[in-house]
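We did not get these values from a lab; they are worked out from the coordinates using the rules stated. Note that the structure is predicted; figures quoted are calculated from it, not measured. Every residue, glycine among them, receives a Cβ derived from its backbone with ideal geometry; neighbour counts consider all protein chains shown.
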Amino acid sequence: MNSNKILLLFLLFITSPIFANSAVVFMYHRFGEFKYPSTNITMEQFKYQLDYLQEHDYNVWHLSKILRHIINKQELPPKTVALTIDDAYLSTYTNAYPVLKSKNFPFTVVISTNQVDSRSKNYMSWSQMREMQKNGAEFANHSSSHDFLLPQDNESDAKWNERVTKEIEKAQQRIHEELGADTNENPRIFSYPFGEYDLKTAELIRKLGYIGITQTSGPIGEDCDLRAVTRFPMAEAFANPNSFISKLNTVPMPIISVSHKEPIIKKENPPKLHINLKEPLENMGCYISSGETIDFKWISQTEVVVTANEPIKPPREKYTCTAPAKDGKWYWYSHLWIVNN
């Protein structure tokens, strides 16, 4: 190869975009509704976040577009973000939508159709959603009744399968009737009510042709489990500027495998989480949802066992582990635990 060709290849390399191949997905519920601090974000916080994304040139995409890239093994550009909103509360339309529209930001709303059909003053109407659909919104499935999907007491596998399938298919039918037959079809997205699932539920979701999205925190990338896509919850306590920016700068932890993919705690409590890493990590820390540090033990350079200091209390908890990555980024992995009473 002559020197001119070598120089040309070098210039192409240094001028081509460097792809992070991961994205950060945020989850919201209510906007400016101070009576619900556990699910609400203040409008001051929300506007700050949108301004930050705009001023720092983030790629704000529909969640469906990010998922299509992952499914098709296409590279994601650096600084790719999705904004998702659960439950279709009215404040999505009255408070969040005008700000999102003003910035021309796409966003994804997951809806439980019975609540919308009830015409409750607390939820958006189908006509409001059709308006939003013309201005950046896409819509996805959150079941018809927003009921718990885990098997109930004395519920046979057949009855459970029938109930969950009906919850999902009824909601998808209503979404098609009101918002168009191509809505939530490329790909089909399903958000677990209360963020709860077990492996049996996740597998049923997959067989029905859906990608499952959770309320478990963490960035997503090419190796993410499409039955349980992670998102960072944004409520008042976690939505301050430092917290928001730190989560923007996360990348998936380089994990080969974890034990206990099943979130349900059946016997051992506190459960032990065995993480098998692709490479050694320095300065790792692990925490529960309160921010309290929890124990972990290295059993080799790339294998670690994480255990809470006390038994997990109902209804649910998370183990979160982080470690410094390159270029000011942070590796992040969260694992959901459910105490099924």
Where does the charge balance sit around Val24 when Lys and Arg score +1, Asp and Glu -1, over other residues with C-beta under 13 Å from its C-beta?
+4
What list do you get for His142, His176 if you sort them by fewest beta carbons within 10 Å?
His176, His142
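Using helices alone, I'd like the mean residue ellipticity at 222 nm for the chain: each DSSP H run of four-plus residues gives -39500 (n - 2.57), total over residue count, nearest 500.
Estimated from H runs of four or more residues: -8000 deg cm²/dmol.
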Please give, to one decimal in nm, the separation of the simple spin-label points placed at Lys170 and Glu155, each 7 Å out from Cα toward the Cβ.
1.3
Could you pull out every Cys in the chain that lacks a partner Cys with its beta carbon under 4.7 Å away?
Cys224
Whole Å is fine, so just give me how far the alpha carbon centre of segment 39-67 lies from that of segment 215-236.
15
In Å, descending, principal axis extents of the Cα set of segment 218-341
41, 38, 29
Around Asn240, what is the net charge, scoring Lys/Arg as +1 and Asp/Glu as -1 over all other residues with Cβ under 14 Å from its Cβ?
0
